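Any read-out appearing in this document is the output of simple, stated calculations on the displayed coordinates, not a laboratory observation. Quick caveat: nothing in here was measured; it's all calculated off a predicted structure. Backbone-built Cβ (ideal geometry, glycine too); neighbour counts: all protein chains shown.
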Amino acid sequence: MRVTRIATLATVAALSLTVAACGGGDSDGDGGDTGADSKEFAAGSTMERLNQAQKIIIGTKFDQPGFGLKGLDGKPAGFDVEIGKALATELGIPEDKIEYIETPSAVREEVIEQGKADIVIATYTINDKRKERIDFAGPYYVAGQHIMVRADDTSITGPDSFKAGDKKVCSVQGSTPAETIKTYLANEGQQLVVFDVYQKCADALASGQVDAVTTDNVILLGFVARNEGKFKLAGEKFTDEPYGIGLKKGDTAFRTFINDALEKFYGDGTYEKAWKDTAGKFDENTPTGPAINRY
């Protein structure tokens, strides 16, 4: 009986070693597979670095309803955030390994250049001046500049209303809308008020310090919805603003990867769901993913 028992124990031990060698168990002390080995990327690429680190830092807005708004739980939510989550998934990075940093308009190029963020998804209009410093993937959405006024204001009907010189308009420092509206102002120094974030513009409008706020239409729709009865949009949109994803200049492989992922999202339902769950609550017209500019 003793010989039989020893033989049986030896057989069990051998089987245990075989299972371990084949990777049958995942009790590695961290709760299982991290997903890092589920994706394969070119050696030395940004994609490989992020996948192996199992972390990505995304710069986004914290004050823009529908696109990037920091909630009571301390986490941003919105269309830009959902696109970021989908890209992280394509990199094999779980949602809880995404770090978001607030990225106001004035510092978006800076955080990319300094490596503080891996990508910036922050209602970020693609233009040639910015492309001198960073690269863009996309566009993934085309907005349009619009004007928001108090609900009882009938004196402002579009950007031409500022040419008389008696109306003040607010936007944010370093933004495309702030630059564009200047062409409609009789006196920039007296009429244009700029802050670092749009919430301060909305507060200034509500208190009567300014007569209007200008930025992209879908952002303003978010403020209108969150402040029911206080604000409205005046006139029609008067520009096209293609939103892109900012990344370090010269990282062509990473830009191609993001562009490929965006086109995938257009076709597999990811894009539509992201919109309906976020900005679509303010604008029911689900956009068609715009053509990618693979410059």
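Past 18 Å, Cα to Cα: identify those pairs from LYS182/LYS237; LYS230/LYS273; LYS182/LYS230; LYS168/LYS232, in the order given. Could you put the intermediate results ahead of the total?
Working: LYS182/LYS237 16 Å; LYS230/LYS273 29 Å; LYS182/LYS230 25 Å; LYS168/LYS232 16 Å.
Too far apart for the 18 Å limit: LYS230/LYS273; LYS182/LYS230.
Please work out the Cα center distance from the stretch 93-113 to the stretch 246-261, rounded to the nearest Å.
Going from one Cα centre to the other spans 15 Å.
Considering amide H positions built from the backbone, and no H for Pro or chain starts, which residues 5 or more places from PHE231, or on another chain, come under 5 Å of its amide H?
Residues meeting the amide H criterion: ALA151.
On alpha-carbon atoms, Rg over Rh for the stretch 145-295 using Kirkwood Rh? Walk me through the intermediate numbers first.
Working: Rg = 17.6 Å, Rh = 17.0 Å.
Ratio of gyration radius to Kirkwood radius for the stretch 145-295: 1.03.
Can you compute the label reach from ILE101? Point 7 Å from Cα along the Cβ direction, backbone N cut-off under 17 Å, restricted to the stretch 123-140.
Output list for this probe position: 123, 134-135.
Compute for the chain: radius of gyration divided by Kirkwood radius, i.e. Rg/Rh, restricted to C-alpha atoms, rounded to two decimals. Could you put the intermediate results ahead of the total?
On the way: Rg = 24.8 Å, Rh = 21.3 Å.
Taking Rg over the Kirkwood Rh, I get 1.17.
Enter the angle in degrees (range 0 to 90, nearest 10) between the Cα long axis of helix 2-21 and the first principal axis of the Cα atoms of the chain, meaning the one along which they spread out most.
Taking Cα atoms only, the helix is inclined about 30 degrees.
If you average 1/r across every pair of different Cα atoms in the stretch 145-234 and take the reciprocal, what Kirkwood value do you get, in Å?
Values: mean 1/r = 0.0796 Å⁻¹.
This gives a value of 12.6 Å.
So what's the angle, to the nearest 10 degrees on a 0 to 90 scale, between helix 217-226 and the longest Cα principal axis of the chain?
Value to nearest ten degrees: 90.
Give the percent of DSSP beta bridges with both residues in the stretch 145-234 that are antiparallel, rounded to the nearest 5.
On the way: 8 of 14 bridges.
Of the beta bridges lying entirely in the stretch 145-234, close to 55 percent run antiparallel.
Compute the distance from the alpha-carbon center of the stretch 147-202 to that of the stretch 52-88, in whole Å.
Rounded to whole Å, the Cα centres lie 28 Å apart.
Once both labels are modelled 7 Å past Cα along the beta-carbon direction, what's the TYR295-SER38 spacing in nm?
3.5 nm
Treating the angle as unsigned and between 0 and 90°, give the value, to the nearest 10°, between the Cα long axis of helix 198-207 and the longest Cα principal axis of the chain.
Rounded to the nearest ten degrees, it is 40.
From the helices alone, meaning DSSP H stretches of at least four residues, give me the mean residue ellipticity at 222 nm for the chain, per-run term -39500 (n - 2.57), in deg cm²/dmol to the nearest 500.
Working: 11 runs with 105 residues, N = 295.
When only DSSP H runs of four or more count, the value is -10500 deg cm²/dmol.
Starting from the Cα of GLN190, step 7 Å along the direction of its Cβ; do the same at GLN114; then give the gap between the two resulting points in nm.
Going by the 7 Å Cα→Cβ label model, 3.7 nm.
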